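Quick notes on the structure that follows.
The values are calculated or read from the model by the stated rules, or taken from the named source; none is laboratory data. Here the structure is a predicted model, which means the values were calculated and not measured. Because the Cβ atoms are built from the backbone with ideal geometry, glycine has one as well, and the counts that use them run over all protein chains shown.
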Amino acid sequence: MVEMQKGHFPLEQFKEIKTPFYYYNTDVLKRTLDLVCKEAKVFDQYCVHYALKANTNPNVLTLIQSYGLGADCVSGGEIQAALNAGFNPKKIVFAGVGKADWEIELALQHDIFCFNVESKPELEVINELASKHNKIAQVCLRVNPNVGAHTHANITTGLQENKFGIGLTELKEVIDYALEAKSIHWIGLHFHIGSQIIDAGDFVALCNRINTIQAYLEAHRIQVGHINVGGGFGIDYANPNRQPIPDFKSYFETYDSRLKLRPHQTIHFELGRSIVGQCGSLISRVLYVKRGAKKQFVILDAGMTELIRPALYQAYHKIENISSDKEIESYDVVGPICESSDVFGKSIDLNKTNRGDFIAIRSAGAYGEVMASHYNCRELPQAYISNDFED
Ligand SMILES: *Cc1c(COP(=O)(O)O)cnc(C)c1O
């Protein structure tokens with residue numbers, strides 16, 4: 001049986017707007033944030049940072065910021081976006097394997113909470129720049145824990161073969177350097193093993209690895225103040241209507257039960273997709289329905305230029321015809337871009353579709369709008385929030 005329950009959209013108002021565009025449901029986003037804030041309270045000392053790279057729409061950022069979350073940034077531009085949206089610099093963390101000097105200086109100038117440092121050469125440059133500006137840079141070291149994640153190969157980050165983090169064999173040496181460097185204040189460890197992780201066993205494996213690392217460091221009389229476990233919690237792309245809010249209760253409970261935090265320690269999370277993924281949809285109009293000998297194609301006015309995840313990661317997004325309730329037929333749903341990978345889904349069950357129908361591509365709040373491009377000289381998509389349509 002096909003699940004034909006659909007999302008709720010202000011269709012009449014959509015008819016006035018140029019397509020394609022992103023639509024963010026603030027009710028879903030608020031309910032998600034309510035749950036994050038409630039369930040994170042199992043920890044005594046914690047900070048949840050929103051990973052900006054998932055979505056930097058200003059309305060979305062302002063709402064997230066209003067819940068008091070910190071910000072996880074991976075570029076100078078994201079630091080600026082976080083500051084513009086009102087995030088507290090004392091709750092900004094800055095990760096990335098290739099931080100440019102100007103980005104480091106921007107972060108120093110705003111006294112962000114901490115740099116998540118990915119290599120010794122980077123640590124040396126941060127020390128130099130901090131000294132030049134009479135600053136002390138707070139630093140966590142990003143560890144490559146060599147823990148796999150059961151997710152798409154392009155979005156695993158915690159294996160030895162990945163470019164991220166400091167290897168376990170060099171960790172002690174880099175900590176020793178950090179402890180001696182005059183303009184560095186080393187405060188803890190950072191981890192992030194990948195994205196769209198739905199198997200809690202992956203987080204358990206990370207906790208076990210962190211426990212081992214902590215025991216090893218304590219044996220060398222090294223005390224860790226902050227443990228940042230990164231993000232990566234996945235969402236239910238198949239059932240955005242049945243499960244619009246991820247199960248944060250069990251997510252936080254996994255860490256609470258498996259990670260051996262010391263009484264003085266603060267735990268940090270960096271959640272991107274799980275916060276914004278389900279609130280967003282890409283709304284598009286059908287340009288043509290092309291009936292071939294074997295297949296029929298629905299050709300949308302949205303393509304990989306608006307949402308690249310299917311082309312880049314073979315990602316699945318639920319697709320709904322929100323303006324038809326006719327009988328179900330099977331279609332390949334494609335975009336207009338001159339690339340064979342510009343396909344949103346093959347053999348998709350949709351209510352019988354005609355030119356001009358509205359199609360919602362669901363669960364597009366994370367890594368959607370932020371990855372849009374001008375390829376084929378296309379305009380970037382507009383974005384609306386549900387409040388824009390309230391009378
Ligand atoms: C991308 C990223 C995140 C967020 O990942 P999600 O899967 O969206 O939760 C967190 N931390 C770091 C360092 C990242 O690069």
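For residues in region 370-385 being over 14 Å from residue 23 (Cα atoms) and touching a residue at least 40 places away in the same chain (Cβ under 8 Å), which is surrounded by the most Cβ atoms within 10 Å (Cβ to Cβ)? The qualifying residue surrounded by the most Cβ atoms within 10 Å (Cβ to Cβ) is 372. Candidates are the residues of region 204-240 that are aromatic (Phe, Trp, Tyr) and more than 15 Å from residue 189 (Cα to Cα); the one that is nearest to the ligand (Cβ to nearest atom) is 233. Within region 18-54, being loosely packed, with under 15 Cβ neighbours inside 10 Å and in a loop (DSSP other than H, G, I, E, B) holds for 18, 44, 45. When residue 305 is tested against the conditions (1) buried (at least 24 other Cβ atoms within 10 Å of the Cβ); (2) assigned by TED's automatic domain parsing to the domain that holds residue 114; (3) in a loop (DSSP other than H, G, I, E, B), the lone failure is (2). Scan region 308-342 for residues that are modelled with pLDDT under 95, of a type in the set (Gly, Ala, Ser) and outside any loop (DSSP other than H, G, I, E, B) and the total you get is 0.
Evaluating residue 243 against the criteria (1) polar (S, T, N, Q); (2) away from the ligand (no atom under 16 Å from the Cβ); (3) closer than 30 Å to residue 315 by Cβ; (4) crowded, with 20+ Cβ neighbours inside 10 Å leaves one unmet condition, (4).
One residue alone among 343, 370 is aliphatic (A, V, I, L, M), within 16 Å of the ligand (Cβ to nearest atom) and touching a helix residue (DSSP H, G or I) at 6+ places or on another chain (Cβ under 7 Å), and that residue is 370.
Restricted to helices (runs of 4 or more DSSP H) entirely inside region 63-133, those with at least 2 residues that are within 17 Å of the chain's Cα centre (by Cα), more than 14 Å from the ligand (Cβ to nearest atom) and free of Cβ contacts under 8 Å to residues at least 60 places away in the same chain are 76-84.
Taking residue 271 as the residue in question, decide whether it is away from the ligand (no atom under 16 Å from the Cβ), of a type outside the set (Ser, Thr, Tyr), buried (at least 22 other Cβ atoms within 10 Å of the Cβ) and touching a residue at least 40 places away in the same chain (Cβ under 8 Å).
Values: away from the ligand (no atom under 16 Å from the Cβ): no; of a type outside the set (Ser, Thr, Tyr): yes; buried (at least 22 other Cβ atoms within 10 Å of the Cβ): yes; touching a residue at least 40 places away in the same chain (Cβ under 8 Å): yes.
Criteria not met by residue 271.
How many of the residues in region 109-142 are of a type in the set (Asp, Glu) and farther than 19 Å from residue 73 by Cα?
Keep residues of region 109-142 that are of a type in the set (Asp, Glu), which gives 111, 118, 122, 124, 128.
Then keep just the ones that are farther than 19 Å from residue 73 by Cα; that gives 124, 128.
Of the residues in that region, 2 qualify.
The lone criterion from (1) more than 29 Å from the chain's Cα centre (by Cα); (2) under 24 Å from residue 274 (Cα atoms) left unmet by residue 176 is number (2).
Across region 246-266, which residue is surrounded by the fewest Cβ atoms within 10 Å (Cβ to Cβ) among those that are assigned to a helix (DSSP H, G or I) and among the hydroxyl-bearing types (Ser, Thr, Tyr)? Working first, answer last.
First, pick out the residues of region 246-266 that are assigned to a helix (DSSP H, G or I): 248-258.
Still in the running and among the hydroxyl-bearing types (Ser, Thr, Tyr): 250-251, 254-255, 257.
Numbers: 250: 12, 251: 22, 254: 18, 255: 23, 257: 10.
Step by step, filter region 246-266, then rank; the result is 257.
Of everything listed in (1) at pLDDT below 95; (2) farther than 30 Å from residue 43 by Cβ, the single unmet condition for residue 264 is (2).
Sort out which residues of region 246-257 are farther than 19 Å from residue 151 by Cβ and away from the ligand (no atom under 15 Å from the Cβ), and write them in order of number. Don't jump to the end; show me each part of the working.
First, the residues of region 246-257 that are farther than 19 Å from residue 151 by Cβ: 249, 252-253, 256-257.
Within region 246-257, 249, 253, 256, 257 qualify.
You will find that of 209, 142, the residue that is farther than 16 Å from residue 269 by Cβ and either not assigned by TED's automatic domain parsing to the domain that holds residue 227 or not aliphatic (A, V, I, L, M) (or both) is 209 and no other. Taking the listed residues 201, 277, the one that is within 16 Å of the ligand (Cβ to nearest atom) and either at pLDDT 95 or above or assigned to a helix (DSSP H, G or I) (or both) is 277, with no other qualifying.
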